[in-house]
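A short worksheet on the structure shown next.
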Amino acid sequence: MRWVVCLALAAPLVLQIVGESLNSGDECMTPFGTAGFCDPVRNCSYVRRILQSPNYTHLDSSYLETLKCGEMNVPNRKKPLPLICCPKFSNEPTCGGQSIADRIYFGEETELGEHPWAGLLFYNIGRNRTLPKCGGALVSKRYVITAAHCTVDKPNWKLLYVRFNEFNTSSPENCTTVGEDNVVCREDYAVESIIPHPQYDMTNVSRPNDICILRLAMDVTYHDYIRPICLPFSLEVQNLPIALENFTVTGWGETEEKRPSATQKHVELPGLENEDCNSVYAVANVTLTDKQLCIGGLNGSDSCRGDSGGPLMRQHNGGWFLIGVVSFGARFCGTVNLPGVYTNVIKYLDWMESIMFVDKNL
């Protein structure tokens, strides 16, 4: 989130140094065991968000006091500037791995456990009908990333839950057998809160900021068939090229048969320069920003309706990373030289961090 934050506090922040005093930039550990860096308050969006919360209480004040890690002398300032241990969002140790060894147009069927972070979003669309309409990606025990248009553009739809291990949407059975005797069952997690990016505007045809965080009502239990995908926190992953690189999209959206797929599929697509999308979508007054990605443009291979919100992924050093979120594309999916547009996850890591780290117990 590109919020402009003003640190006009109602009361001064009084912090007590606990243990050894650190210097600015030193590594530290919060009382909850989260790794962080010792920094001034102004550099920590997590703490700024707590301080500016309308529900700020003495408990929050007490918690912030425990984060004090040192002081820093500043020219023309009478008193040293307090430093706090600012937690840094990090990936789960099990992220990005697959349990199997070794809308999607003309995609391959995805085996259970191949992309175990992929979820299917189910909605009450009225008249007691519950249907899957979008996808999402699990990034921690409590959070799923999807597209903002999956929650904002359909105000009459109620998002109910995220389903993992959906092996066949047309099957009335809740479980299936994988291999000789491994029974895998669907798992549904209710959605507790929906946080679309505050700068998403459904009337903007270019769909900037088309990203949304879903907080689940309870922790997801990890196992071989449900685990999170890694977020691209490292500069190494962030600096990888996009154009001419291969990416993977997965979902249950429309196929070449013009109807949603009952089974999860995935397809490999090439990365392009954003100008490739701008040139073909100019007729629709669409212009991408650096917060969006231009992917695909192959004949017959594409994401499509129903894949919205699903993950655009890349593999690096043996792990899978969430690089983009399915946003929009051509009216006729899989049209040659008409790429799809995806939200660039790297550009929203600060916003995601500020939302997810408010929950101090996760």
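The values are calculated or read from the model by the stated rules, or taken from the named source; none is laboratory data. Just so it is clear, the structure is predicted and the values come from calculations on it, not from any experiment. For neighbour counting, all protein chains shown are included, and Cβ atoms are generated from backbone atoms with ideal geometry for every residue, glycine included. Ligands, DNA and RNA are excluded from the accessible area calculation, which covers all protein heavy atoms including side chains. Shrake-Rupley method; radii C 1.70, N 1.55, O 1.52, S 1.80 Å.
Compute the accessible area per residue over the range 82-220, keeping the other protein chains in place, probe 1.4 Å, unit Å². Write out the running numbers ahead of the final one.
Numbers: 6380 Å² over 139 residues.
That works out to 46 Å² for each residue.
Of TYR222, TYR123, which has the most accessible area with a 1.4 Å probe, and how do the rest follow in descending order?
My answer, sorted largest first, is TYR222, TYR123.
First measure r as the distance between the Cβ atoms of ASP350 and GLN315, then evaluate 1/(1 + (r/R0)^6) with R0 = 30 Å and state the FRET efficiency to the nearest 0.05.
On the way: r = 25 Å, r/R0 = 0.82.
Step by step, r from the Cβ atoms, then E = 0.75.
For the full complex of protein chains and a 1.4 angstrom probe, list LYS158, LYS68, LYS88, LYS78 by accessible area with the highest value first.
Details: LYS158 125, LYS68 10, LYS88 65, LYS78 205 Å².
Ranking LYS158, LYS68, LYS88, LYS78 by accessible area, largest first, yields LYS78, LYS158, LYS88, LYS68.
Give me the net charge of ALA243's neighbourhood, meaning all other residues with Cβ under 11 Å from the Cβ of ALA243; Lys, Arg count +1, Asp, Glu -1.
Spelling it out: positives minus negatives among the neighbours equals -4.
Could you pull out the pairs from LYS154/LYS265; LYS78/LYS347; LYS88/LYS154; LYS88/LYS158; LYS141/LYS347; LYS88/LYS265 whose alpha carbons sit more than 27 Å apart here?
On the way: LYS154/LYS265 25 Å; LYS78/LYS347 37 Å; LYS88/LYS154 34 Å; LYS88/LYS158 33 Å; LYS141/LYS347 22 Å; LYS88/LYS265 34 Å.
Beyond 27 Å between Cα atoms: LYS78/LYS347; LYS88/LYS154; LYS88/LYS158; LYS88/LYS265.
Using a 1.4 Å probe over the heavy atoms of the protein chains, calculate the carbon and sulfur portion of the accessible area of the range 190-302 as a whole percent.
Values: 2630 of 5140 Å².
Its accessible area is 51 percent carbon and sulfur atoms.
Can you give the accessible area of ASP153, probe radius 1.4 Å, in Å² rounded to 10?
Solvent-accessible area, nearest 10 Å²: 30 Å².
For LYS154, LYS79, give me the order by solvent-accessible area with a 1.4 Å probe, most accessible first, ignoring ligands, DNA and RNA. Working shown, then result.
Working: LYS154 95, LYS79 150 Å².
These residues rank, largest area first, as LYS79, LYS154.
May I ask you to derive the FRET efficiency for ASN55 and ASN337 from their Cβ-Cβ distance with R0 = 45 Å, giving the value to the nearest 0.05? Don't skip to the answer; put the middle values down first.
Working: r = 51 Å, r/R0 = 1.13.
Step by step, r from the Cβ atoms, then E = 0.35.
Report the accessible area of ARG77, computed with a 1.4 Å probe over the heavy atoms of all protein chains in place, in Å² rounded to the nearest 10.
110
Taking amide H positions as placed in the peptide plane 1.01 Å from N, state which residues far from VAL178 in sequence (5 or more) or on other chains have amide H under 5 Å from it.
Placed amide hydrogens put VAL183, VAL184 under 5 Å from VAL178.
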